[in-house]
Amino acid sequence: MGETDMAGVLDADPPALRDAASRLADLAASVAAAGRAFPGDAPLADAPATAAALAARIAEWRAWTTASAATLQHAADALAFAAEAWEATDTAVAGMLLRNLPSSESR
């Protein structure tokens with residue numbers, strides 16, 4: 001993974017998380033509204049329209065979550081890359097420190 005891959009993750013921002021929470025709240029509200037639309041004595045004439053509207057919202061959410069999963073995978077890949085880079089840096093620094101320690105022969 002290169003620097004350009006990492007740049008996409010660094011550009012990601014918390015508004016995306018707020019957007020996810022907002023979309024989830026909207027979907028929950030739609031489901032709740034659909035449940036209230038059909039009390040026990042209500043006519044079922046509106047059922048197809050309400051069901052279609054709810055299905056459309058669920059499809060929208062499914063598409064959004066699929067796209068979000070790709071973004072999360074990208075972020076996970078970038079974090080794995082960062083962890084590998086950090087480990088390599090840590091190993092290099094440890095090696096430099098060990099090479100610069102006075103040897104037992106020079107004491």
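Points to keep in mind about this one:
- Every pair of residues 6+ apart whose Cβ atoms lie under 9 Å, when the first sits in region 61-73 and is over 25 Å from Ala29 (Cα atoms) while the second is not in a helix (DSSP H, G or I) and not small (Gly, Ala, Ser): none
- Residues located in region 55-107, provided they are outside any helix (DSSP H, G or I) and small (Gly, Ala, Ser): Ser103
Throughout, read-outs are computed from the coordinates displayed, never taken from laboratory work. This one's a predicted model, so the numbers in the text were calculated from it and none came from an experiment. Using ideal geometry, Cβ is built from the backbone for each residue, glycine included, and neighbour counts are taken over all protein chains shown.
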